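**Q** My questions all concern the structure below.
The values are calculated or read from the model by the stated rules, or taken from the named source; none is laboratory data. Only a predicted model underlies this, so the values are computations on that prediction, with no experimental measurement involved. Note: ideal-geometry Cβ built from the backbone for every residue, glycine included; neighbour counts use all protein chains shown. Remember, those area values only see protein heavy atoms, side chains included, never the ligands or the DNA or RNA. Shrake-Rupley method; radii C 1.70, N 1.55, O 1.52, S 1.80 Å.
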Amino acid sequence: EFETTLHGRPISRYLTAEEFFGMEMRADLVTLSACESGVSLLRPGDELFGLIRALIYAGSPSVAMSLWRVDDISTELLMAHFYERLKQGDTKVEALQKVQLYVKDLSAGEAKAYYEGKLNKMPQNDHDSRRAQTEISIQAVYRALLAAEEAEGHPVGMDYPIFNHLFYWAPFILVGDWK
């Protein structure tokens, strides 16, 4: 789904592969971080390749996409750090690999600290949705920790890697130019 504004009014609609064929992109990488953005539900195989081909034809040499439903918290961490790694000079494939391992090994305490750092950078009187979402993310880290404790059958502590299951760190692939 595509969201933007036109004359200050929000617009939301679905873009199709056909519409991408008519675009001229000047993007080195297109990232589709939503759930199952790399999976076709209508025509297995056909639509996936159609969308990739359309994005590459439109001018993007690389596409990053997810193969299954994604967790909001781990995906946000993965995407934020992915783009940081790219800014630092890693190739796309190196950046993706490094952030997948980062998220896989991230402890509950480190995830909490990340979101608390984000929250501390926001003005105290900032009551917009970004602040509320960040506070919800901190709560989600605690819920993930409680779920891990329930699964393990004992307290695991803040040093527990709450995203170590591949569901959290491995849904994204890179197609096209890996550099």
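**Q** Kindly evaluate residue 82 against the criterion of being of a type in the set (Phe, Trp, Tyr), open to solvent by 30 Å² or more (accessible area, probe 1.4 Å) and part of a helix (DSSP H, G or I).
**A** Criteria not met by residue 82.
**Q** Looking at region 125-135, can you tell me whether even one residue there is over 26 Å from residue 32 (Cα atoms) and assigned to a helix (DSSP H, G or I)?
**A** Within region 125-135 (the criterion being over 26 Å from residue 32 (Cα atoms) and assigned to a helix (DSSP H, G or I)), the answer is no, since none of the residues qualifies.
**Q** Report yes if residue 124 is open to solvent by 50 Å² or more (accessible area, probe 1.4 Å), closer than 30 Å to residue 27 by Cα and among the polar types (S, T, N, Q), otherwise no.
**A** Against the criterion (open to solvent by 50 Å² or more (accessible area, probe 1.4 Å), closer than 30 Å to residue 27 by Cα and among the polar types (S, T, N, Q)), residue 124 does not qualify.
**Q** From the list 37, 60, pick out the single residue that is closer than 22 Å to residue 168 by Cα and modelled with pLDDT of 70 or more.
**A** One residue alone meets the criteria, 37.
**Q** Quick check on my filter: what residues within region 138-179 are in a loop (DSSP other than H, G, I, E, B), charged (D, E, K, R) and open to solvent by less than 70 Å² (accessible area, probe 1.4 Å)?
**A** Of everything in region 138-179, just one residue is in a loop (DSSP other than H, G, I, E, B), charged (D, E, K, R) and open to solvent by less than 70 Å² (accessible area, probe 1.4 Å), namely 177.
**Q** When you look at residue 97, is it out of contact with any Gly (no Cβ under 8 Å at 6 or more places or on another chain) and over 24 Å from residue 34 (Cα atoms), yes or no?
**A** When the stated conditions are applied, residue 97 does not pass them.
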